[in-house]
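The values are calculated or read from the model by the stated rules, or taken from the named source; none is laboratory data. Bear in mind the structure is a predicted one, so any value in this text is a computation, not a measurement. Note that each Cβ is placed from the backbone with ideal geometry, even for glycine, and that neighbours are counted across all protein chains shown. Only protein heavy atoms, including side chains, enter the accessible area calculation; ligands, DNA and RNA are left aside. Shrake-Rupley method; radii C 1.70, N 1.55, O 1.52, S 1.80 Å.
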Amino acid sequence: MREWTVIGVPTSAGAHNAGQERAPAALREAGLIERLREAGLSVADAGDLPGATFTTDHDHPSARNLAAVARVARQVADAVAAVVADGRLPLVVGGDCTITLGVIAGFRRSHPEVGLLYVDGDADLDTPDSASSGIFDAMGAAHLLGRGAPELTGLAGVPPLLEPYRLAMVGGDPREIDLAGRQFLANAGVSYQEGPALAADPVGVARRALDAVTARSEPLVVHLDVDVVDSGDLPLGNFPHYGSGVLLEHAVSCLGTLLAHESVAGLALTEVNPTHDGDGTLIRRYLDGLVSAMSGGR
């Protein structure tokens, strides 16, 4: 049996606004730990890291809150490395997408060939040199691939955090990536499948993503950004994607297929913003899907 350890990361330091720092507490209050255990999973709770909250950071408009983002990522790396060294699987509950940089850095201390399955509504290819917003949430994949702030690209030593062939991206909204971004991913050799493909064939997309990285990566981590789901179906993500066509059921089917693979050894949950959910209905739906995917539908 897989033995999971929950690590809460209450951070919105890399986000567009505050709110995501409340997600670990909101998911626990909705029964995250109990629901997973009731579904037959072995789950320990390591509590929360210190985290950080969004600030506008007018002094660094092209790299907002970099010091806080990097500090949290290092904390995540330390916590993940300890869980992995103990033979358990980290379930890292954020928080904004930059926590995944720390997750990969932590795995690389004992597993330098770790791969990543990146299920996200955005390609996250901006850098401090190119991004108009300066928000690191929009720069996660770029930093994984070695482009951006050295404080983040060097979290595991010499960049990149991930070789391109160890990264498979799933679910990107085609309206949120330009031709240059697509060409960059293609030239680098990153597996990239967009939202319409995910909606049409969630299981097939998941299997193709696994095929793309398993031959040269071990173990695998899954990153799930809730904004991969159409905001018209589940408006829980920090950044909206209305009209993408990806329903929660599509994302759950894809996630379940990925997590069923024997090489998967970690999961990062990102972008849930409880301030979008006045009565808790959205978080309960999200948790229903998560439990189903992690437990194989039990």
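Got a sec? Which helices (runs of 4 or more DSSP H) wholly within region 71-171 have at least 2 residues that are surrounded by 24 or more Cβ atoms within 10 Å (Cβ to Cβ) and of a type outside the set (A, V, I, L, M)? First the steps, then the outcome.
On the way: elements: 99-108, 140-144, 150-153.
Fully inside region 71-171 and qualifying: 99-108, 140-144.
So which of L152, L185 is modelled with pLDDT of 95 or more, touching a Phe, Trp or Tyr at 6+ places or on another chain (Cβ under 8 Å) and more than 24 Å from V76 (Cα to Cα)?
Values: L152 fails: more than 24 Å from V76 (Cα to Cα).
Among L152, L185, only L185 is modelled with pLDDT of 95 or more, touching a Phe, Trp or Tyr at 6+ places or on another chain (Cβ under 8 Å) and more than 24 Å from V76 (Cα to Cα).
How many of the residues making up region 21-57 are assigned to a helix (DSSP H, G or I), open to solvent by 70 Å² or more (accessible area, probe 1.4 Å) and farther than 19 Å from S292 by Cα?
Total satisfying the criteria: 1.
The set of residues in region 175-186 being open to solvent by less than 60 Å² (accessible area, probe 1.4 Å), outside any loop (DSSP other than H, G, I, E, B) and under 20 Å from H241 (Cβ atoms) consists of G181, L185.
With the requirement that a residue be open to solvent by less than 10 Å² (accessible area, probe 1.4 Å) and in contact with a strand residue (DSSP E or B) (Cβ under 7 Å, 6 or more places away or on another chain), what does region 6-20 give you? First the steps, then the outcome.
The initial filter retains those residues of region 6-20 that are open to solvent by less than 10 Å² (accessible area, probe 1.4 Å), namely 6-9, 11-15, 19-20.
Across region 6-20, the qualifying residues are V6, I7, G8, V9, T11, A13, Q20.
Residue-level check: of (1) over 19 Å from the mean Cα position of the chain (by Cα); (2) under 19 Å from P90 (Cα atoms), E21 misses just (1). Looking across region 31-75, the residues that are in contact with a Lys or Arg (Cβ under 9 Å, 6 or more places away or on another chain) and in contact (Cβ under 8 Å) with a residue 60 or more places away in the chain come down to G31, A39, G40, L41, D57.
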